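Below: one structure, written as structure tokens.
The values are calculated or read from the model by the stated rules, or taken from the named source; none is laboratory data. Everything numeric here is computed off the predicted structure, so don't read it as measured data. Quick reminder, even Gly has a Cβ in these numbers, built from the backbone with ideal geometry, and neighbours come from all protein chains shown. The protein model used for the area step is the full one, side chains on, heavy atoms only, and it has no ligands, DNA or RNA in it. Shrake-Rupley method; radii C 1.70, N 1.55, O 1.52, S 1.80 Å.
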Amino acid sequence: MPYYRLSTEPSDSASVKIEEGGHYCLSFVESDDEGGATLLPIVYDTKKVFGQNTPMSSADGFATTTVGDILASTQYGDAKTSSAFAALDNVILPPGANITVASFYGKVEHIDEVSKIVKVITKAGYVRKKHLEAREIMDEMLAGVETNTANHLFNAAIKQNFMDNSLRGGIPIILGDVNDEMKGNNADEDPRVKVFHVFSRIHGDLERDYNAFKITPSYFSQGPGNYRDVAQNRRNDVYFAPRMGAFDVKLFLGYIQADSYEPLTVEAVAYSIPDHPIAKKIAKAVAADSNSSKVLIDVLVGGPFRPGQMFDLIEQLNIKIKIKSEEFINLLLSHAKQHSIGQYGTGYW
């Protein structure tokens, strides 16, 4: 399988940093076999498919060759823009039969992680399960704007508009609830209640390179956005999540500076554990063994973190947690201090 990455970090710096992280494309024909599906080969040499057609408007390469010929020949992918086409050769379908080719695209911090992903995604039924989960997530996200009129296009337009705004400004979720009594409190009344926006990103189309989309490949995924975009797309947040209170107002007013040089880029809030005794208290309540407790304490007092980063560190450092993930993050953030983060980015607002 090809592993797509730059050899070094493309920065204007005197130092050279080797890039370990990269992207992958994994494709296979869905199978119900218990042994799982087999990966299909990937055509990463663009010229093999498009030939001399540099605008890539048609697959001219197939005028003189076949999929089998391409797979048997040498491909070249270095120092050029590569492709990622799943190659399926010599398939015979009986009348009325069909097959489904599933493809996964993603980013990892190291190539060793790809093999672990393969073992998971090729299991029988995994793709269908995740497809249903994605539908359920969308239904849950859009439940607050469910509209029923005689015009089904209007109903769908309301959902699409809400989803687009949510992807720009993010969807607020409430964290920090450690008991049922807290669920009646909002973020203004109870400092243990925390508001975190997921799915946020910079505005515009994905193909616009200057937008520099950054969406973390982690749990509680989110990315930075421009001040104006984030502010205007969060203006109705409190209607859908009343418990957030004045969180957004305080956040954006907090970025205003006396010299008018407000930061352009608004990033997701981060959290920190104020002192060692609190970190020790949390570790005692959640860690499954003494070694996990020690490592977790070091992580908690090591500096600010976001929920997704915390779960990534737990996996990387093999920290064993004895309670459910939801209970853990709520307990952790109920004790945490919240930090708003604004950056210069590409200018000021």
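Yes/no matrix, rows are residues, columns are (1) over 24 Å from Thr216 (Cα atoms); (2) acidic (Asp, Glu):
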{"residue": "Tyr4", "(1), (2)": "no, no"}
{"residue": "Ser7", "(1), (2)": "no, no"}
{"residue": "Ala14", "(1), (2)": "yes, no"}
{"residue": "Gly22", "(1), (2)": "no, no"}
{"residue": "Ala63", "(1), (2)": "yes, no"}
{"residue": "Asp69", "(1), (2)": "yes, yes"}
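Being within 29 Å of Ser7 (Cβ to Cβ), under 26 Å from the mean Cα position of the chain (by Cα) and open to solvent by 80 Å² or more (accessible area, probe 1.4 Å), is that true of even one residue in the range 123-139?
No, there is no match, as no residue in the range 123-139 is within 29 Å of Ser7 (Cβ to Cβ), under 26 Å from the mean Cα position of the chain (by Cα) and open to solvent by 80 Å² or more (accessible area, probe 1.4 Å).
Any idea which residue in the range 89-122 is nearest to the chain's Cα centre (by Cα), counting only those that are among the hydrophobic types (A, V, I, L, M, F, W, C) and surrounded by 15 or more Cβ atoms within 10 Å (Cβ to Cβ)?
The qualifying residue nearest to the chain's Cα centre (by Cα) is Val108.
Is one or more of the residues making up the range 94-102 in contact with a Phe, Trp or Tyr (Cβ under 9 Å, 6 or more places away or on another chain), closer than 30 Å to Ser218 by Cβ and modelled with pLDDT of 90 or more?
Yes, that holds for at least one residue.
Restricting attention to the range 325-349, which residues are in a strand (DSSP E or B) and open to solvent by 70 Å² or more (accessible area, probe 1.4 Å)?
Once the filter is applied, which keeps residues that are in a strand (DSSP E or B) and open to solvent by 70 Å² or more (accessible area, probe 1.4 Å), the range 325-349 yields Lys337, Gln343, Tyr344, Thr346, Tyr348.
Yes or no, residue by residue, for (1) open to solvent by 30 Å² or more (accessible area, probe 1.4 Å); (2) touching a Cys at 6+ places or on another chain (Cβ under 8 Å); (3) at pLDDT 90 or above; (4) not small (Gly, Ala, Ser):
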site	(1), (2), (3), (4)
Tyr3	yes, no, yes, yes
Ser7	yes, no, no, no
Ser13	yes, no, no, no
Asp33	yes, no, no, yes
Pro41	yes, no, yes, yes
Ala59	yes, no, yes, no
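Out of all the residues in the range 138-183, which are more than 20 Å from Asp237 (Cα to Cα) and of a type in the set (D, E, K, R)?
Asp180, Glu181
Among the residues of the range 283-324, write down those that are touching a helix residue (DSSP H, G or I) at 6+ places or on another chain (Cβ under 9 Å) and open to solvent by 70 Å² or more (accessible area, probe 1.4 Å).
Lys284, Lys294, Asp298, Leu317, Asn318, Lys320, Lys322
Does any residue of the range 300-322 turn out to be of a type in the set (Lys, Arg), assigned to a strand (DSSP E or B) and modelled with pLDDT of 90 or more?
No, the range 300-322 has no match at all.
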